[in-house]
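The values are calculated or read from the model by the stated rules, or taken from the named source; none is laboratory data. Owing to the predicted nature of the structure, the values given are computational and were not obtained by experimental measurement. Note that each Cβ is placed from the backbone with ideal geometry, even for glycine, and that neighbours are counted across all protein chains shown.
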Amino acid sequence: MKKRILLVSIVLISFTAFSFAADVPAISKNVISSFNKQFSNARDIQWESQADFVKARFTMNDMVLFAYFNKTGELIAVTRFISPNQLPLALMTSLKKTHTDSWISDLFEIQTESGTAYYATIENADYVTVLKSEGISGWSTFQKERKADAE
């Protein structure tokens, strides 16, 4: 009896998995063509379509990258999460010097046609702050929120 229940469970889970796998969003040929031209070595591609853009999550050169395209297939931006030691030296030094009471909870690089920028989410006991790089030497506050449990 236990074997039958287990077998039925496995079959139901398999059908459920296949039904979710069929829900791949419709991505235009222009977007797919543009993606394939720019990221020919990409693996493990996952697509997500939003109202104004299409996002591709993929692996290339052992890095997880995110590419954003407009609906006509033009590349808007490429992002990747990075570690602090991947920041330009001046940015890393500036961040450590000016935010000694905080820790980095999120850090990513964004490349657009206008250049490369970095965003760092830092936290302390009271605030969550998102910083945006200004060139390769300093930071400006992009967003700052008080934590809900901070008094």
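Among the residues of region 118-132, the ones that are at pLDDT 95 or above and among the small types (Gly, Ala, Ser) come to 1 in all. Looking at region 116-136, can you tell me whether even one residue there is of a type in the set (S, T, N, Q) and surrounded by fewer than 10 Cβ atoms within 10 Å (Cβ to Cβ)? The answer is no; no qualifying residue exists. Of the residues making up region 31-74, those that are among the small types (Gly, Ala, Ser) and touching a Gly at 6+ places or on another chain (Cβ under 8 Å) number 2.
Based on this model, can you work out whether Leu95 counts as within 29 Å of Ser137 (Cα to Cα), touching a residue at least 40 places away in the same chain (Cβ under 8 Å) and touching a helix residue (DSSP H, G or I) at 6+ places or on another chain (Cβ under 8 Å)? Answer is yes for this residue. Looking at Val31, Val78, just one residue is out of contact with any helix residue (DSSP H, G or I) (no Cβ under 7 Å at 6 or more places or on another chain) and either part of a helix (DSSP H, G or I) or modelled with pLDDT under 95 (or both), and that residue is Val31.
With the condition kept exactly as written, say whether any residue in region 121-138 is of a type in the set (Asp, Glu) and part of a strand (DSSP E or B).
yes
Select from region 100-151 the residues that are of a type in the set (Asp, Glu) and either in contact with a helix residue (DSSP H, G or I) (Cβ under 8 Å, 6 or more places away or on another chain) or under 15 Å from Leu89 (Cα atoms) (or both) and list them in ascending order. Those that are of a type in the set (Asp, Glu) and either in contact with a helix residue (DSSP H, G or I) (Cβ under 8 Å, 6 or more places away or on another chain) or under 15 Å from Leu89 (Cα atoms) (or both): Glu109, Glu134. Scan region 98-124 for residues that are within 16 Å of Ile76 (Cα to Cα), β-branched (Val, Ile, Thr) and touching a residue at least 12 places away in the same chain (Cβ under 8 Å) and jot them down. Within region 98-124, Ile110, Thr112 meet the criteria. Of the residues making up region 57-73, just one is on the phi < 0 side of the Ramachandran plot, charged (D, E, K, R) and modelled with pLDDT under 95, namely Lys71.
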